[in-house]
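Quick notes on the structure that follows.
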Amino acid sequence: MRVVIPTNGRKGLADKVAEHFGRCAAYTFLDGKGRVVEIIDNTSEHLGGEGLPPELMKKHQADILLCKGLGSRALDLCQELGIDVYVIKAETVREIFTIWKNNKIEKAGFKDVCQEDKPG
């Protein structure tokens, strides 16, 4: 199992969780025990690169996305790619992983997407 968390940098477990997963600086990947296994730069089209963030995460074998927020199109694409999404309010990589691991958090749904991405 590989858990991915959007981060503001490359500081591992102490790094800050990015406010919106598609516009983060990097993605931090953890194993099922919360150990950092890889940190990659966000090279998606949101930052001038190619591809969508869920595609980049899946390319690096992400199974689970823990984030503070995402849009409805991103949620749909994650679901299509087989990435389970959990929206959790936390400040650091260690904190968001611990909350997810120790609590029964429901998978994200339409009610969890960012308000500006919901159709009016």
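In this structure, does R94 turn out to be surrounded by 14 or more Cβ atoms within 10 Å (Cβ to Cβ), in a helix (DSSP H, G or I) and in contact (Cβ under 8 Å) with a residue 24 or more places away in the chain?
Against the criterion (surrounded by 14 or more Cβ atoms within 10 Å (Cβ to Cβ), in a helix (DSSP H, G or I) and in contact (Cβ under 8 Å) with a residue 24 or more places away in the chain), R94 qualifies.
Go through the stretch 8-24 and give me each residue that's more than 20 Å from Q61 (Cβ to Cβ), assigned to a helix (DSSP H, G or I) and within 14 Å of the chain's Cα centre (by Cα).
Hit for the stretch 8-24 is R23, nothing else.
Among E106, E55, which is assigned to a loop (DSSP other than H, G, I, E, B) and acidic (D, E)?
E106
Here are the criteria: (1) among the basic types (K, R); (2) more than 15 Å from V17 (Cβ to Cβ); (3) without any contact (Cβ under 8 Å) to a residue 40 or more places away in the chain. Tell me which single one K89 does not satisfy.
Failing condition for K89: (2).
Could you please tell me which pairs satisfy a Cβ distance under 7 Å, a separation of 6+ or placement on different chains, a first residue in the stretch 63-77 that is buried (at least 19 other Cβ atoms within 10 Å of the Cβ), and a second residue that is of a type in the set (K, R)?
These pairs meet every condition: K68/K89.
Can you name every residue in the stretch 78-91 that is acidic (D, E) and either surrounded by 19 or more Cβ atoms within 10 Å (Cβ to Cβ) or not in a loop (DSSP other than H, G, I, E, B) (or both)?
Scanning the stretch 78-91 gives E80, D84.
Say whether the condition of being surrounded by fewer than 13 Cβ atoms within 10 Å (Cβ to Cβ) and assigned to a helix (DSSP H, G or I) is met by at least one residue in the stretch 25-35.
Within the stretch 25-35 (the criterion being surrounded by fewer than 13 Cβ atoms within 10 Å (Cβ to Cβ) and assigned to a helix (DSSP H, G or I)), the answer is no, since none of the residues qualifies.
With V85, V36 as the choices, which residue is of a type in the set (A, V, I, L, M, F, W, C), in contact with a Ser or Thr (Cβ under 7 Å, 6 or more places away or on another chain) and closer than 17 Å to T7 by Cα?
Matching residue, one of V85, V36: V36.
Taken together, the values in this text are just the output of simple stated rules run on the coordinates, not laboratory data. Every value quoted in this text rests on a predicted model; they were computed, and no experiment measured them. Because the Cβ atoms are built from the backbone with ideal geometry, glycine has one as well, and the counts that use them run over all protein chains shown.
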